[in-house]
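The values are calculated or read from the model by the stated rules, or taken from the named source; none is laboratory data. Note that the structure is predicted; figures quoted are calculated from it, not measured. In this analysis, Cβ positions are derived from the backbone assuming ideal geometry, glycine residues included, and neighbour counts consider all displayed protein chains.
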Ligand SMILES: [Zn+2]
C-alpha cells in the first residue's frame, strides 16, 4: 500500500516534467469510507497534474498502488441507464464496423460488470472479460459473462493469447489512462489480436477537459490525460496505427480509436488532422495548461462563494451522486458536510458510505424526497439531463439544480 513518484514521462521517458495544476493531497476518489472511524486513517496522496515538455503528455506522476485503487472498485457501469444505452450502441456499431460474424471472438480488458460484453453477446459474439476488481468480476460472471480476475499487462496478454488463441477484437474502454505503463498495455492488446484482429480503445480526450474546464476528471486513477498528439506517438511505439477515430460525448468527451497491428503504417489522415488541430490551438503548450489551472482556481472560488451564500440564506444544499470526479471537486474546493448536507447515489455499493476526504454522508436517492433540499449540486454533470428528468418532483416543489462545470450555474 502506498504510492511512488515517477521521475520520467510515461509516454516518451523524458524527464522534463512541469507541474501545471496542484489539486492538493487527496484520498483515492473511489475509496469510500464505510464508517466515520475510517476518516482518521484515510490515506491521502498528492493529486497534481504535470505536462511533459518533451512530448506534451499530461499526466500524474504520483502513482498509487493499483491494489489500493482497484481492489474494491465501486463503479458499476451498468448502474446508469445512459451508460447502458451507450454500451448497447457501442457493441452494435463496432460489430458492424469490424464486420464481426456470429461467433467472432471479443475480449475486453477492464470489463467491469460485463455490461459492454453483454452487448457483444447480443450481437452473436463469443466474449471474454478480464477484470482486476474481484467483486465486480464476480458480478459479471453471475450475469453470464465469462470473466478472468486478472490485472492486465504484457505478461497477462501473453498467457491469455497462449491459452485462448487470437481474438477478432480487443476492447479497452476507459482504462488506458489508468495504467502506469500504457505502452506495455497497448503492446499487450496488440498481442491478443495479431496479426489480423483489431483493437478499440476509448480514452477521455484532454482537449475537452481543456475546453470545458473539466479538471474534476483528474483523479488518482487517471494517470494520463490523453491528447491525440502524445497518444498517437504511443500507439506507433506499440506497433499499431489508428484506422479511424470517433469523438463521443459520453463521460464528458471520449475519444474512441480503432487500431490495427501495423509495423510500418501511419495513422489515418483524419487522426493526423486532429493532432495538427491540437497543435495549432496551443494544446501542446505548457502555457495553455497554466491558464487552465488559473481558471480552475477561479471556479473553486465562485463555487465556494455560491455555497456560502446559500448557507447564509438558510437554504439546504445536497449533492446528487458520489462519482470519482465529484470527490476531486469537493476536496479541491474544501466542501464538507457543513455546506453539502448529504449526497445520494443509486449505486447500492455507495449508499450508506461517506465521500472520501470531504466526509459527506451518501444516502439512496429516495432521501431527497424525505429531506427536500432547496438545491441539488449535480456532481456527475455528464448525466445532468438524466438526473434532472428523474428528479422532477424536486423541481416541482421549487427545488433548483446546481451544475458546477464549466462554471457554477443554477437551473430551475
Ligand atoms: Zn513525454
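Observations on the structure shown:
- Filtered residues of region 12-27 (kept if within 16 Å of the ligand (Cβ to nearest atom), closer than 27 Å to residue 295 by Cα and in contact with a helix residue (DSSP H, G or I) (Cβ under 8 Å, 6 or more places away or on another chain)): 18, 20
- Top-ranked residue of region 31-54 - restricted to ones that are assigned to a loop (DSSP other than H, G, I, E, B) and within 16 Å of the ligand (Cβ to nearest atom), ranked as nearest to residue 236 (Cα to Cα): 54
- Filtered by the rule that a residue be closer than 16 Å to residue 260 by Cβ and either without any contact (Cβ under 8 Å) to a residue 12 or more places away in the chain or not in a helix (DSSP H, G or I) (or both), region 221-240 gives 238, 239, 240.
- Criterion: outside any helix (DSSP H, G or I) and farther than 17 Å from residue 356 by Cβ - qualifying residue of 293, 318: 318
- Test: residue in region 365-385 that is more than 19 Å from residue 42 (Cα to Cα), modelled with pLDDT under 95 and either assigned by TED's automatic domain parsing to the domain that holds residue 22 or out of contact with any helix residue (DSSP H, G or I) (no Cβ under 9 Å at 6 or more places or on another chain) (or both): yes
- Criterion: surrounded by fewer than 22 Cβ atoms within 10 Å (Cβ to Cβ), within 16 Å of the ligand (Cβ to nearest atom) and over 12 Å from the mean Cα position of the chain (by Cα) - qualifying residue of 181, 211, 155, 168: 181
- Restricting attention to region 210-220, the residues that are part of a helix (DSSP H, G or I) and either at pLDDT below 95 or farther than 21 Å from residue 54 by Cβ (or both) add up to 4.
- Here residue 18 meets each of (1) in a loop (DSSP other than H, G, I, E, B); (2) loosely packed, with under 14 Cβ neighbours inside 10 Å; (3) in contact (Cβ under 8 Å) with a residue 12 or more places away in the chain with one exception, condition (1).
A quick yes/no check of all residues on (1) within 16 Å of the ligand (Cβ to nearest atom); (2) at pLDDT 95 or above; (3) part of a loop (DSSP other than H, G, I, E, B); (4) crowded, with 19+ Cβ neighbours inside 10 Å:
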site	(1), (2), (3), (4)
7	yes, yes, yes, no
10	yes, yes, yes, yes
29	no, no, yes, yes
56	yes, yes, yes, yes
68	no, no, no, no
117	no, yes, no, yes
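- Hits in region 154-191 - residues which are assigned to a loop (DSSP other than H, G, I, E, B), more than 16 Å from residue 239 (Cα to Cα) and out of contact with any strand residue (DSSP E or B) (no Cβ under 7 Å at 6 or more places or on another chain): 165, 166, 179
- Of note, residue 203 satisfies the criterion of being in contact with a strand residue (DSSP E or B) (Cβ under 6 Å, 6 or more places away or on another chain), closer than 21 Å to residue 245 by Cβ and crowded, with 24+ Cβ neighbours inside 10 Å.
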